[in-house]
Amino acid sequence: MIVGIQLYTLRTIINNQLEETFRQIKSMGYDGVELAGFYGKTANELKTLLNQQRLEVISAHESIERILENPKQVMDDYLLLGTKNIVIPYTDIHDKESYEAMLPKIKKAVTMLTDAGFTVHYHNHSNEFNQFDDKYIIEHLLNDIEDLHLELDIYWAKAAGVDIYAFIELYKDKIKQLHAKDMVIEEKQHRFASVGEGTIDFTRIHSLFNDCWIVENDKPINN
């Protein structure tokens, strides 16, 4: 099982303490990182810093806009960084109309990247669990694009009211990476929590999926 950390979690400190942040990530026992930008460095500079701590780039969040506008640069950057996993982190899909408008763009991005040997994942928020035609939007997306995989964000799926355990069982062949993110309920509102400090049964999730976990907290205490 591979365990990494999504660097968005550390966004308030990472730009000023990049080398020290990587050192501490390694000391905590993580195998690698999931990128959310390059933190003012070139891909080559970033690779050097990560190599010093023997951290791999497990995957990277990359906007669909940059993928479509500058695919060669995107591919060159991630080939240099040594990852074949590119994740589309967000699109504004929330209903059938917006889905139909966005679908050709996602298809084009997936085709370009998979033809070049990359694996493309889609990272969900809660909006992809809106429904039309009796299916979640994310289900339409996975059915309509054969080569697309899912980086399942546990927190946002649960926030949308999804039975996350049943969903993992149903789509285990499509899920290649999982965002491990916990939840607490305060005053009937869901809030972010560090893994193991909330209500999500990660032992049960581990029994269903133990391939690649990316730990994330959208709003850690130091933010």
Near LYS72, which lysines are there with a Cα under 29 Å away, not counting those fewer than 8 places off in the same chain? LYS41, LYS47, LYS84, LYS105, LYS107, LYS108, LYS174, LYS176
Distance between modelled label sites at ASP95 and ASP133, nm, 7 Å Cα→Cβ extension: 1.7
With θ set to phi - 60° and the Karplus curve 6.51 cos²θ - 1.76 cosθ + 1.60, what are the ³J(HN,Hα) couplings of region 128-140 in order, to the nearest whole Hz, using x for Gly and Pro? 6, 9, 5, 10, 8, 6, 6, 9, 5, 4, 5, 5, 4
Derived scalar couplings ³J(HN,Hα) [region 173-180; Karplus, 6.51 cos²θ - 1.76 cosθ + 1.60; whole Hz; x for Gly, Pro]: 6, 9, 8, 10, 9, 10, 8, 7
Qualifying trypsin sites (Lys or Arg not before Pro) in region 184-216, DSSP loop, other Cβ atoms within 10 Å at most 11: LYS188
Dividing the helical contributions, -39500 (n - 2.57) per DSSP H run of n ≥ 4, by the residues of the chain yields a 222 nm value, nearest 500 deg cm²/dmol, of -11000 deg cm²/dmol
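Residues of the chain: accessible area per residue at 1.4 Å, in Å²? Don't skip to the answer; put the middle values down first.
Details: 10940 Å² over 223 residues.
Heavy-atom accessible area per residue stands at 49 Å².
By DSSP, what percent of the beta bridges with both residues in the chain are antiparallel, rounded to the nearest 5? Don't jump to the answer; show the numbers that get you there.
Numbers: 7 of 35 bridges.
Among the beta bridges of the chain, antiparallel pairing accounts for roughly 20 percent.
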Do any GluC sites (Glu not before Pro) in region 86-174 lie in a DSSP loop with no more than 15 other beta carbon atoms within 10 Å, and if so, which? GLU146
Sparse-neighbourhood loop sites, chymotrypsin sites (Phe, Trp or Tyr not before Pro) in region 1-57 - DSSP loop, at most 11 other Cβ within 10 angstrom: none
For the chain, the percent of accessible surface on carbon and sulfur atoms (probe 1.4 angstrom, ligands and nucleic acids excluded) is 45
Residue-ordered couplings for region 43-53, obtained by feeding phi - 60° into the Karplus form 6.51 cos²θ - 1.76 cosθ + 1.60 and rounding to whole Hz (Gly and Pro as x), are 4, 5, 5, 5, 4, 4, 5, 5, 4, 4, 9
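Can you give the FRET efficiency to the nearest 0.05 for ASP144 and ASN15, using r as the Cβ-Cβ distance and R₀ = 45 Å?
Details: r = 38 Å, r/R0 = 0.84.
The computed FRET efficiency comes out at 0.75.
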With charges set only on the Cβ (+1 for Lys and Arg, -1 for Asp and Glu), what does the dipole of the chain come to about its Cα centre, in debye to the nearest 20? 620
Only one of the values (i) 12.3; (ii) 16.6; (iii) 13.2 was calculated from this structure for mean projected area of the Cα convex hull in nm²; name its label. (i)
Set of lysines near LYS181 by C-alpha distance (under 23 Å), chain-local residues within fewer than 8 positions excluded: LYS26, LYS158, LYS172, LYS219
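The values are calculated or read from the model by the stated rules, or taken from the named source; none is laboratory data. Bear in mind that the values here come from a model prediction, so they are computed numbers and not experimental data. In this analysis, Cβ positions are derived from the backbone assuming ideal geometry, glycine residues included, and neighbour counts consider all displayed protein chains. When the accessible area is computed, the model is the full protein with side chains, heavy atoms only, and any ligands, DNA or RNA have been set aside. Shrake-Rupley method; radii C 1.70, N 1.55, O 1.52, S 1.80 Å.
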